[in-house]
Every structure is written in C-alpha cells, then in structure tokens.
1. Scan region 110-150 residue by residue and report those that are hydroxyl-bearing (S, T, Y) and either touching a Cys at 6+ places or on another chain (Cβ under 8 Å) or surrounded by fewer than 18 Cβ atoms within 10 Å (Cβ to Cβ) (or both).
2. Specify the residue that is surrounded by the fewest Cβ atoms within 10 Å (Cβ to Cβ); the eligible residues are those in region 78-103 that are touching a His at 6+ places or on another chain (Cβ under 7 Å) and aliphatic (A, V, I, L, M).
3. One residue is enough: does region 44-56 have a residue meeting the conditions closer than 15 Å to A148 by Cα, buried (at least 19 other Cβ atoms within 10 Å of the Cβ) and touching a Pro at 6+ places or on another chain (Cβ under 8 Å)?
4. If you take the residues of region 65-77 that are hydrophobic (A, V, I, L, M, F, W, C) and touching a Gly at 6+ places or on another chain (Cβ under 8 Å), which of them is surrounded by the fewest Cβ atoms within 10 Å (Cβ to Cβ)?
5. Report, by residue number, each residue of region 30-61 that is farther than 25 Å from Q107 by Cα and of a type outside the set (F, W, Y).
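Every read-out reported here was derived from the displayed coordinates using simple, explicitly stated rules and does not represent laboratory data. Just so you know, these numbers come straight off a predicted model, no measurement behind them. With ideal geometry, Cβ positions are generated from the backbone for all residues, glycine too; neighbour counts draw on all protein chains shown.
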Amino acid sequence: MRREVGRVLRVGCVLAAWMPAMVGAQMPTTELGLGMFRIETEVAFTDQDRQLGLMNRKSMPLQHGMVFVFTQDARHCMWMKNTLLPLSVAFLDDKGRILNIEDMLPQTEDSHCAAGPARYALEMNQGWFRERGFKVGDAVRGIERLPAGR
C-alpha cells in the first residue's frame with residue numbers, strides 16, 4: 001500500500017512465509033553486503049513491487065531482506081499497514097550510504113521517513129542493523145548492480 005502526501009511516498013511493507021506469494025512472478029533477488037555480512041534481498045524496483053513489499057509474511061530468515069529501489073532521490077517514507085513482521089529500515093542515498101535507520105512496528109500507519117534524499121530503502125528483521133553495530137554513514141555493497149526504479 002502506498003500514499004503520496006506531497007512529495008512524501010508512504011510505502012506499505014507487509015506478505016505468507018518467506019517465499020513470495022505474489023500474483024504472477026516473483027521479485028528478482030540479489031546479494032548485497034554490509035560489513036562482513038551477506039544479505040539475500042528481494043528487489044522491489046517497480047511501483048507494483050514497492051506497494052506489495054513484505055505484506056502478509058509471517059517470518060523472514062535472518063540474513064534476508066528487501067531492498068526498495070525508488071525512481072528518484074527524495075525523502076521517502078515507509079509505513080507498516082498490514083505488515084505482520086517487526087522490521088528495521090535503513091534509508092540509503094544513491095551511493096548506498098545509510099542516511100538513517102528506523103524501527104517499525106507491525107500493522108501501524110506511522111510514517112518512517114528518510115533523513116535526506118534517499119534512492120533506496122533496505123528492510124531487515126527488526127534490530128538487525130543495531131545488533132551488528134551498523135550506523136549512519138556505513139555503506140551497503142552491491143547497490144550498483146540493482147536495476148533502475150520504475
């Protein structure tokens with residue numbers, strides 16, 4: 001689900017078990033890296049995929065996540081309406097550097113926004129970034145291999 005509020009994009013990130021239960025095709029996957037960690041991510045790069053996000057999932061493996069690829073740099077916002085998993089989102093600039101990290105509670109409509117112009121958002125299980133010591137300025141590897149947002 002998503003709402004546009006001025007220039008703020010609210011994306012609902014909420015789907016059953018880890019394998020995507022999508023109508024039609026699955027989202028593509030890729031490997032990203034942060035510090036010494038390898039992250040298997042689904043890539044939400046189309047408007048339809050960004051709207052669906054992680055909806056209705058009941059679990060997600062530890063080293064898995066979803067990266068949202070936006071069409072332009074902006075102060076994108078996420079919300080958790082209909083999302084069953086507690087998540088943390090790292091908003092990333094166009095080079096993959098972390099702008100800010102927000103914890104998000106399931107099934108809420110609170111906005112969690114990028115601290116500055118973001119091109120990407122990386123969602124992981126809640127606490128994943130904090131438990132591994134990641135912070136603002138750290139860079140995610142592999143961003144250059146992601147498809148352009150559309």
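1. To start, the set of residues in region 110-150 that are hydroxyl-bearing (S, T, Y) comprises 111, 120.
The answer is S111, and nothing else.
2. Once the filter is applied, the top-ranked residue is M78.
3. The initial filter retains those residues of region 44-56 that are closer than 15 Å to A148 by Cα, namely 44-50.
Remaining after also requiring buried (at least 19 other Cβ atoms within 10 Å of the Cβ): 44-45, 49-50.
Now restrict to residues that are touching a Pro at 6+ places or on another chain (Cβ under 8 Å): 45.
For region 44-56, residues closer than 15 Å to A148 by Cα, buried (at least 19 other Cβ atoms within 10 Å of the Cβ) and touching a Pro at 6+ places or on another chain (Cβ under 8 Å): present.
4. Step one: list which residues in region 65-77 are hydrophobic (A, V, I, L, M, F, W, C), which gives 66-70, 74, 77.
When the remaining residues are screened for being touching a Gly at 6+ places or on another chain (Cβ under 8 Å), the result is 66, 68-70.
Details: M66: 27, F68: 27, V69: 20, F70: 24.
For region 65-77, the residue satisfying everything is V69.
5. Pass one, region 30-61, residues farther than 25 Å from Q107 by Cα: 30-38.
T30, E31, L32, G33, L34, G35, M36, R38, listed by residue number.
Matching residues to (1) more than 16 Å from R50 (Cα to Cα); (2) in contact with a helix residue (DSSP H, G or I) (Cβ under 8 Å, 6 or more places away or on another chain):
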| site | (1), (2) |
| --- | --- |
| E102 | yes, no |
| P106 | yes, no |
| P117 | yes, no |
| M124 | no, no |
| R130 | yes, no |
| G137 | yes, no |
| V140 | yes, no |
| E144 | yes, no |
| R150 | no, yes |
